[in-house]
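Read through the structure below, which is laid out as structure tokens, and then see the notes.
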């Protein structure tokens, strides 16, 4: 009997040891950026509220321990994505900067409920919502990164693009392309940083990914410090300028977030800089580009260009509302697919129809006719506590949520969100964690350390 007990204890000890070794031997790979600017590539082997982050590194025989106060950014090489059977048809932007792709379940009694792939059904106060966009096709993120050079094609120049610390970097003329498999309308957003005057071109819907090709029909955006232009190229007509726009804010910065919204159905290309609308150009002969990828081409020798936080998303090609300034009177606006707009007070969503009270009548509008809803109220959500575990989490499906982490186990992360209240999700769904490090909250819940991609919904 005693021998059997010893054998059982031995087996139990061996199993526990195997589990512990497995956790250490298979850390989640990525990069950790400290507040002093240091970047260490390696893997997260353990995390706890009490002991901080344990990080494996090739130069250390034991995991390195970091307090959350010392960490600025944690980026993982891979993250779980939304399952193929989950098709998010709703895109919600909250006033604190949170962004959710999911399916709207209800909007009533001052509450909004949305189904997500990573956190189940999340509920928030309507006052925290800025805008809600709808897509009949669904919002599908085709790419988020970069985390390496894998999948990217470069030219044959002596100083090609390279990957470092979450950025694709050019220090001379060279092309950088990728086939994203785009099948319709899409958005391309990215952060660009520079250390000297530069010139960068982007071939939209490119057919050749390893070179700058004028022969194939398509669109080329030219970006230089302070301005942007769009050119159409066809084998028959050659180059045709569709328009240009100044970006004066670029002259006072060394980093900017740019977004290109390519609407195939409407034959338009819209450009945003740091979330602000710049221009929209329309091709009167229809959308000419036939490719499925994008190609960046650095045209300057000497200036260093860094591209990071690149996201490519398929979107609905229905009518895109023109950006408009807020009225300041608290009115809600419903934008319709036929390009009409209805102003008033949105009272809820029931039975697949929006109820809105206008100055002249009470209207009921079917959801399938709605492109976007912009809510005119002001947020009353309290700011989150600025603890050392106050973070913004970016997920593998394109979502972004601010929260105070209260528990971090091997498989799950839980905490409190100023928008959704208690929240929990699988730890492997996190693509990036941006730490606040005790900095005071701002009106838009902005984190200084990260360059997060804003999800812009035209007001």
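Can you grab the distance from the C-alpha centre of segment 134-204 to the C-alpha centre of segment 256-276, Å, no decimals?
Cα centroid to Cα centroid, the span is 15 Å.
Under 1.5 on a/c is rounded, so check that first for segment 47-203, then, if it is not, pick prolate when a/b is larger than b/c and oblate when it is not; a ≥ b ≥ c are the square roots of the alpha carbon gyration tensor eigenvalues.
Because a/c hits 1.5 or more and a/b fails to exceed b/c, segment 47-203 counts as oblate.
Calculate the FRET efficiency for residue 51 and residue 236 from the Cβ-Cβ distance with a Förster distance of 51 Å, rounded to the nearest 0.05.
According to the calculation, E is roughly 0.15.
Quickly work out the residue 58-to-residue 368 label distance, labels modelled 7 Å from Cα along the C-beta direction, and quote it in nm with one decimal.
5.6 nm
Using alpha carbon centroids, what distance separates segment 37-74 and segment 229-253, in Å?
Going from one Cα centre to the other spans 44 Å.
Starting from the Cα-Cα distance between residue 69 and residue 183, subtract it from 0.36 nm times their residue separation and give me the gain in nm to one decimal.
Between residue 69 and residue 183, full extension yields 36.7 nm more.
If I take R0 = 22 Å and measure r between the Cβ atoms of residue 149 and residue 304 in this structure, what FRET efficiency does the formula 1/(1 + (r/R0)^6) give, to the nearest 0.05?
It comes out at approximately 0.85.
Kirkwood Rh, Cα Rg: Rg to Rh for segment 130-220?
Checking Rg against Rh, the ratio lands at 0.99.
For each of 399, 69, count neighbouring Cβ atoms within 10 Å of the residue's Cβ, then give the residues from fewest to most.
Placing the least packed residue first, the sequence is 69, 399.
Just grab the label-to-label distance for residue 211 and residue 77, each label 7 Å out from Cα along the Cβ direction, in nm (one decimal).
Between residue 211 and residue 77, the label points sit 3.3 nm apart.
Need one word for segment 140-314: rounded, prolate or oblate. Basis is the Cα gyration tensor (sqrt eigenvalues a ≥ b ≥ c); a/c below 1.5 gives rounded, then a/b vs b/c decides.
rounded
Between residue 111 and residue 245, what is the FRET efficiency for a Förster distance of 35 Å, r being their Cβ-Cβ separation, to the nearest 0.05?
Computed FRET efficiency for residue 111 and residue 245: 0.30.
For segment 66-158, compute Rh as the Kirkwood radius over C-alpha pairs and then the Stokes-Einstein diffusion coefficient at 4 °C and 1.567 mPa s; write the answer in µm²/s, rounded to an integer.
In µm²/s, the coefficient rounds to 80.
Please report, in whole Å³, the volume per residue of the convex hull around the C-alpha atoms of segment 206-266.
Once divided by residue count, the hull of segment 206-266 is 116 Å³.
Multiply the residue gap between residue 123 and residue 345 by 0.36 nm, knock off their C-alpha separation, and tell me the result in nm, one decimal place.
77.9 nm
In nm, what is the difference between 0.36 nm times the number of residues separating residue 358 and residue 426 and their Cα-Cα distance?
20.2 nm
Laboratory data are not the source of any read-out in this text; all were calculated from the coordinates shown. Computed from a predicted model, the values in this text were never measured in an experiment. When we count neighbours, we look across all protein chains shown, and the Cβ atoms used for this are built from the backbone with ideal geometry, even at glycine.
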